[in-house]
Amino acid sequence: MPRKDQNQPNPPSGEDQAGDKKAKGGAADDAQTSEGSVISERQSASIIASSIIGVGVITLPRVTVTSSNQTGWIGIISGVLVAMGMTWIITRLGIRFRGQSIALYAAELLAPTRRLLWLGKALALPFLLILLVFWGWGSALVARLFGEMVSTTMLPTTPVEVIILTMLAAGFYLTMYSVEVLARVNEILLPLIVVPILIIAISSFQSGRLENLFPIFDMDWKMFFVSTAVMTSSLLGYEVMMLFSAHTKISPKLTKTNVLSISIPGLLYALIAIAGISVFGYEELKLLAWPTLELVKTTEVPGLILERMESAFLAVWVTAVFTTVGNYYYATALLLKQILHLKEHRLISLLLLPVMYWISLRPNNLHQLFQTQDRIAWIGVTGALGLPLFFGLLSKLRGKAQLGSTATRDARKGEGQEE
């Protein structure tokens with residue numbers, strides 16, 4: 001009697017077979033799942049939160065009051081709810097199409113039949129270009145805004161071009177490693193970002209005046225929806241999971257963990273916005289280029305542990321910018337690799353470096369930089385809201401259609417057997 005091989009792998013379960021069947025066509029084309037499922041649910045949440053918390057923290061109070069004055073913090077709450085809803089849809093799509101990113105399941109959903117998968121890939125290309133433009137341009141503009149801020153406050157004699165190139169080079173260095181390394185970096189750095197910012201935000205209330213927050217609900221529906229839209233654009237970053245979900249381990253708590261991860265930047269943003277409004281008032285906030293930095297300067301630590309809180313804040317802020325640039329840079333290179341059906345993304349990352357540097361230098365001044373950032377942010381909103389809603393609905397409809405056709409075939413088979 002032949003002895004059973006102890007190293008023989010166990011047969012896959014029904015759930016695994018279903019996931020493999022869904023990923024069969026596209027995964028073979030792009031070989032994107034070669035690294036396997038390497039991102040845990042905690043790392044997935046860290047990537048989402050770290051991508052959101054970035055350069056926008058420094059201008060957040062001004063952006064908050066632009067459209068709805070002292071009630072702007074309400075827009076943050078509604079924007080967080082929108083981001084949670086989109087994250088739920090993105091996570092559910094990742095679970096349904098296990099081992100596939102949006103580059104693959106978009107083509108599968110848009111293809112009329114399995115044989116016409118090439119048509120689905122062609123139809124999916126415009127949708128993927130929206131993400132590509134936002135992530136690529138977003139990385140460059142975040143690096144430029146970082147350079148302007150550092151040049152103004154910390155290194156006035158250093159050329160802004162050098163600062164920008166340094167941040168982009170740091171992001172490029174991160175893309176040279178696997179997705180697993182990216183996930184671990186986000187997991188390690190997130191607490192180092194969140195805890196200090198949380199302490200600084202709470203400490204900022206000591207200089208606040210409660211009357212600056214009143215009247216609390218002085219806003220109409222138009223102001224509410226405009227404020228929600230503006231703050232939704234400030235909470236972008238969760239959409240990177242449309243790409244990294246292909247490498248995420250599926251677990252029962254994955255959806256809940258990803259959705260709750262939005263509350264981390266949501267809480268920080270709400271505290272910073274409320275503190276800024278209470279300290280300066282919305283009229284003065286609209287005139288400040290770097291309101292969060294000015295807010296930190298008014299904060300005093302008991303016992304004079306730190307005489308200049310802005311130094312500690314800027315150190316944490318640099319880390320937050322690095323994770324945002326690194327995640328967006330990595331997502332851009334990885335998506336391009338999948339679109340072009342390449343095996344490696346490292347060469348693409350190298351070629352992207354001078355392109356992003358050139359893009360970052362296009363705005364001639366700070367005013368043009370803010371205008372360009374607003375335009376790119378609306379492209380990001382289109383991708384982060386439109387794509388999950390569209391493909392989520394399409395996935396639901398295609399699933400019902402397939403279920404209906406299967407039921408029809410079974411009914412016909414039963415009728416034939418009865419005859």
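Here are some conditions: (1) at pLDDT 95 or above; (2) surrounded by 23 or more Cβ atoms within 10 Å (Cβ to Cβ). ILE130 meets all but one. Which one does it not meet?
(2)
Results for (1) at pLDDT below 95; (2) among the hydrophobic types (A, V, I, L, M, F, W, C); (3) outside any helix (DSSP H, G or I); (4) under 17 Å from ILE272 (Cα atoms), shown as yes or no for each residue.
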| site | (1), (2), (3), (4) |
| --- | --- |
| PHE172 | no, yes, no, no |
| ARG184 | no, no, no, no |
| ILE188 | no, yes, no, no |
| ILE200 | yes, yes, no, yes |
| PHE205 | yes, yes, no, yes |
| PRO215 | yes, no, yes, no |
| MET219 | yes, yes, yes, no |
| MET223 | yes, yes, no, no |
| SER227 | yes, no, no, yes |
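Just one of the numbered conditions (1) under 17 Å from the mean Cα position of the chain (by Cα); (2) surrounded by fewer than 20 Cβ atoms within 10 Å (Cβ to Cβ) is not true of VAL226; which one?
Among (1) under 17 Å from the mean Cα position of the chain (by Cα); (2) surrounded by fewer than 20 Cβ atoms within 10 Å (Cβ to Cβ), the lone unmet condition for VAL226 is (1).
What do you reckon, is THR332 within 19 Å of the chain's Cα centre (by Cα), crowded, with 20+ Cβ neighbours inside 10 Å and on the phi < 0 side of the Ramachandran plot? Walk me through how you get there before you give the answer.
On the way: within 19 Å of the chain's Cα centre (by Cα): yes; crowded, with 20+ Cβ neighbours inside 10 Å: yes; on the phi < 0 side of the Ramachandran plot: yes.
Here the answer is yes, as THR332 does meet what is asked.
Condition check ((1) in a helix (DSSP H, G or I); (2) at pLDDT 95 or above) across all residues:
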residue: LEU236; (1), (2): no, yes
residue: THR257; (1), (2): yes, yes
residue: LEU260; (1), (2): yes, yes
residue: VAL279; (1), (2): yes, no
residue: GLU307; (1), (2): no, no
residue: VAL316; (1), (2): yes, no
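Within 19 Å of the chain's Cα centre (by Cα) and free of Cβ contacts under 8 Å to residues at least 60 places away in the same chain - does that describe any residue in the range 51-74?
No.
Which residue is farthest from ALA333 (Cα to Cα), if the candidates are limited to the range 136-193 and must be polar (S, T, N, Q) and surrounded by 20 or more Cβ atoms within 10 Å (Cβ to Cβ)?
Within the range 136-193, the subset polar (S, T, N, Q) is 139, 151-153, 157-158, 166, 175, 178, 186.
If we keep only those that are surrounded by 20 or more Cβ atoms within 10 Å (Cβ to Cβ) as well, we get 139, 175, 186.
Numbers: SER139: 11, THR175: 8, ASN186: 18 Å.
The selected residue is ASN186.
Taking only pairs six or more apart or across chains, which ones have beta-carbon atoms under 8 Å, a first residue in the range 169-181 that is more than 18 Å from MET356 (Cβ to Cβ), and a second residue that is among the hydroxyl-bearing types (Ser, Thr, Tyr) and part of a helix (DSSP H, G or I)?
Taking only residues 6 or more apart or on different chains, the pairs are VAL179/TYR330.
Any residue that is in a helix (DSSP H, G or I), touching a Lys or Arg at 6+ places or on another chain (Cβ under 8 Å), on the phi < 0 side of the Ramachandran plot and buried (at least 24 other Cβ atoms within 10 Å of the Cβ) - is there at least one of those in the range 70-86?
First, pick out the residues of the range 70-86 that are in a helix (DSSP H, G or I): 70-86.
Narrowing further to those that are touching a Lys or Arg at 6+ places or on another chain (Cβ under 8 Å): none.
No, the range 70-86 contains no residue that is in a helix (DSSP H, G or I), touching a Lys or Arg at 6+ places or on another chain (Cβ under 8 Å), on the phi < 0 side of the Ramachandran plot and buried (at least 24 other Cβ atoms within 10 Å of the Cβ).
For the range 249-260, which positions are polar (S, T, N, Q) and either surrounded by fewer than 21 Cβ atoms within 10 Å (Cβ to Cβ) or in contact with a Lys or Arg (Cβ under 9 Å, 6 or more places away or on another chain) (or both)?
Step one: of the range 249-260, the residues polar (S, T, N, Q) are 251, 255, 257-258.
The answer is SER251, THR255, THR257.
Which pairs turn up if I take residues in the range 122-142 that are within 21 Å of LEU109 (Cβ to Cβ) and look for partners that are at pLDDT below 95 and outside any helix (DSSP H, G or I) with beta carbon separation below 9 Å, at least 6 apart in sequence or on another chain?
As it stands, the answer is LEU123/ALA111; ALA124/ALA111, since those pairs meet every condition given.
The values are calculated or read from the model by the stated rules, or taken from the named source; none is laboratory data. The shown structure was predicted, so the numbers you read here are calculated from the model rather than taken from an experiment. No Cβ is skipped: glycine too gets one built from the backbone with ideal geometry, and neighbour counts run over all protein chains shown.
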